[in-house]
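Trainee: Mind having a look at this structure? Questions to follow.
The values are calculated or read from the model by the stated rules, or taken from the named source; none is laboratory data. Computed from a predicted model, the values in this text were never measured in an experiment. Cβ coordinates were reconstructed from backbone atoms using ideal geometry, including for glycine residues, and neighbour counts include every protein chain displayed. For accessibility, only protein heavy atoms count, side chains too; no ligands or nucleic acids. Shrake-Rupley method; radii C 1.70, N 1.55, O 1.52, S 1.80 Å.
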Amino acid sequence: MLWTDRIRQIKIILVIAAIIIAMTSLLVSHYLVKDLSNEERKKMETWAEALNVLNHADEHTDLSLVLDVLQGNTTIPVVILDSAGNVGDYRNISIDGRTAEDSNNYITQYGRRLYESGKYIKINLTDSAKITDYQLVCYDDSVLLKRLSQYPYWQLGIVMVFVVVAIFALLSSKKAEQNKVWVGLSKETAHQLGTPISSLMAWVEILKENHPDDELIPEMNKDVKRLERIAERFSKIGSLPEKEDGSLNEVLDRVVNYMRKRISNKVEIICSLPEQEVIVKMNESLIEWVIENLCKNAVDAMEDHGTITLTLFQERQTAVVEVMDTGKGIRKKDFNHVFMPGFTTKQRGWGLGLSLAKRIVEDYHQGRIFVKSSELGKGTTFRIEL
């Protein structure tokens, strides 16, 4: 199993765990708010009963307890409506800044909304069976209950913000650390290659003097120069390379000529170039390495038999290079993962090639490189935009 698959599974597990925690928190809060709402309902039933006692009071009624209950409500908003829907009284409702008429309209609308939502208690004013002889005690949730009902969402929102910030910080830190590793590895590779390349160059010169007519020596010299160019490429990773106007037509020509001499005869390379030169401000050495790396990956994916098609064209102000192969293809869910350091589908390989290619194209040249299309068993097309 690829390590990226394991990371994806860990991410899914963490997301599921976060969802379970969030749902549990919301569920507990829901039941807590529901219990408090029932408690407030009972308080209002007691308050409405006290109001009913007051309405039916006579000279023998002890009003001290009744008044204590009525005056004890300092948190729950209450609107008392008569059978016609008019306001008889209200409590714990702020009307600051409103005129008397506006206040009356506001309280009336407020009471009717509470009645329509079913938050009311009906009180019969008399013992008669007249339908119109009653009052409605309409009540709302207290400020505390409203805050408690909203608290879990604020809590989850704040937690999510912290989680996002933490993940972003961790990813940024991880990316910076990876960049240091890749840059250090690249520069050390260039440094280590320097000494044997110098020795090889000297040996080639000696061979030229001793065997001037040998046809293999020029080819050896080309490979040595190739190694020198590779070392130069690695030494430029981590620093901004110099960019000059260059022809992508020539870059693709060099890549094709180099690859044809070093791959199986069963692999056909087709290069489709426009008649007009496509000039781009670039570092030719690095862009050549990117395209060459895509071609080598294509050869590996096709297992040394198939067709590689390189296409160059322009779309308005953008130069486009497409590298298409007839290899085994890439799973759609791995389209973005192929550029991650360490990702590889080969038994041997470090998974650094495409990561460095992405860095060269996007960080150094402000372009784009991505998987345009791929189908398992049929092949893949990579697209570079500069």
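Trainee: Could you grab the relative contact order for the chain? Cα pairs under 8 Å, six or more apart, rounded to a whole percent.
Mentor: Relative contact order for the chain comes out at 10 percent.
Trainee: Shifting gears a bit: Translational D (Stokes-Einstein, µm²/s) of segment 1-110 at 25 °C and 0.890 mPa s when Rh comes from the Kirkwood sum over C-alpha pairs? Write out the running numbers ahead of the final one.
Mentor: Values: Rh = 18.8 Å.
The estimated diffusion coefficient comes to 131 µm²/s.
Trainee: In addition: With Cα Rg over 2.2 N^0.38 Å as the read-out, I listed (i) 1.02; (ii) 0.94; (iii) 1.85; which label goes with the value calculated from this structure?
Mentor: The value matching this structure is (iii).
Trainee: Say the cut-off is 20 Å between C-alpha atoms; which of Lys296/Lys378; Lys187/Lys372; Lys266/Lys328; Lys243/Lys358 go over it?
Mentor: Beyond 20 Å: Lys187/Lys372.
Trainee: So, one more: Kindly write out, for segment 150-163 in residue order, the coupling ³J(HN,Hα) from the Karplus curve 6.51 cos²θ - 1.76 cosθ + 1.60 (θ = phi - 60°), rounded to whole Hz, with x marking Gly and Pro.
Mentor: 8, 4, x, 5, 5, 4, 5, x, 5, 4, 5, 4, 4, 4
Trainee: A further question follows. Work out the FRET efficiency for Glu116 and Thr74 from their Cβ-Cβ distance, taking R0 = 25 Å, and round it to the nearest 0.05. Each step should come with its number before you reach the end.
Mentor: Working: r = 26 Å, r/R0 = 1.03.
That gives a FRET efficiency of 0.45.
Trainee: Taking only Cα atoms, what is the 0 to 90° angle, nearest 10, from helix 284-302's long axis to the longest principal axis of the chain?
Mentor: The answer is roughly 80 degrees.
Trainee: GNM, the chain, Cα, under 10 Å: largest mean-square fluctuation among Leu273, Leu65, Leu145?
Mentor: The residue with the greatest mean-square fluctuation here is Leu65.
Trainee: In terms of modelled amide H atoms, which long-range or inter-chain residues lie less than 5 Å from the amide H of Gly88?
Mentor: Amide H neighbours of Gly88, under 5 Å, 5+ apart: Ile80, Leu81, Asp82.
Trainee: Let me ask something else about it. Aspartates and glutamates within cross-link reach of Lys119: Cα-Cα under 19 Å, excluding same-chain residues under 8 positions apart?
Mentor: Asp35, Glu39, Glu40, Glu45, Glu49, Asp82, Asp89, Asp140, Asp141
Trainee: For the ranges 54-60, 40-46, 29-35, what's the packing order if you count other beta-carbon atoms within 10 Å of each residue, average per peptide, and put the highest first?
Mentor: Details: 54-60: 9.3, 40-46: 15.4, 29-35: 13.4.
Packing order, densest peptide first, comes out as 40-46, 29-35, 54-60.
Trainee: May I pose another question? Peptides 245-252, 66-73, 366-373: what's the order by average Cβ count within 10 Å, highest mean first?
Mentor: Per-residue Cβ counts within 10 Å, averaged per peptide and sorted highest first, yield 245-252, 366-373, 66-73.
Trainee: Using the crude model of +1 on Lys and Arg Cβ and -1 on Asp and Glu Cβ, and no other charge, please compute the dipole size for segment 273-384 relative to its Cα centre, in debye to 20.
Mentor: 560 debye
Trainee: Output the direction-averaged projected area (hull surface divided by four) of the convex hull of the alpha-carbon atoms of segment 258-386, in nm².
Mentor: 7.9 nm²
Trainee: Continuing with the same structure: Along segment 68-73, what does the Karplus equation 6.51 cos²θ - 1.76 cosθ + 1.60 (θ = phi - 60°) give for ³J(HN,Hα), rounded to whole Hz, x for Gly and Pro?
Mentor: Result, ordered by residue: 4, 5, 5, 7, x, 7 Hz.
Trainee: If you roll a 1.4 Å probe over the heavy atoms of the protein chains, what accessible area per residue do you get for the chain, in Å²?
Mentor: In whole numbers, the chain has 63 Å² accessible per residue.
Trainee: Please give the length that would be gained between Lys243 and Asp62 if that part of the chain were fully extended, namely 0.36 nm times their separation in residues minus their C-alpha to C-alpha distance (nm, one decimal).
Mentor: 55.5 nm
Trainee: What are the ³J(HN,Hα) couplings of segment 112-123, residue after residue, when phi is run through the Karplus curve with 6.51, -1.76, 1.60 and θ = phi - 60°? Round to Hz, x for glycine and proline.
Mentor: The phi angles translate into 5, 5, 5, 5, 5, 7, x, 9, 8, 10, 8, 10 Hz.
Trainee: At 1.4 Å probe size, with the rest of the protein present, what percent of the exposed accessible area of the chain is carbon and sulfur atoms?
Mentor: 56 percent
Trainee: Build a GNM of the chain with springs between Cα atoms under 10 Å: which of Thr99, Thr74, Thr309 gets the top mean-square fluctuation?
Mentor: Thr99
Trainee: Remind me, what semi-axes does segment 214-279 give for its equivalent ellipsoid, largest first in whole Å, using sqrt of 5 times each Cα gyration tensor eigenvalue?
Mentor: The answer is 23, 21, 12 Å, longest axis first.
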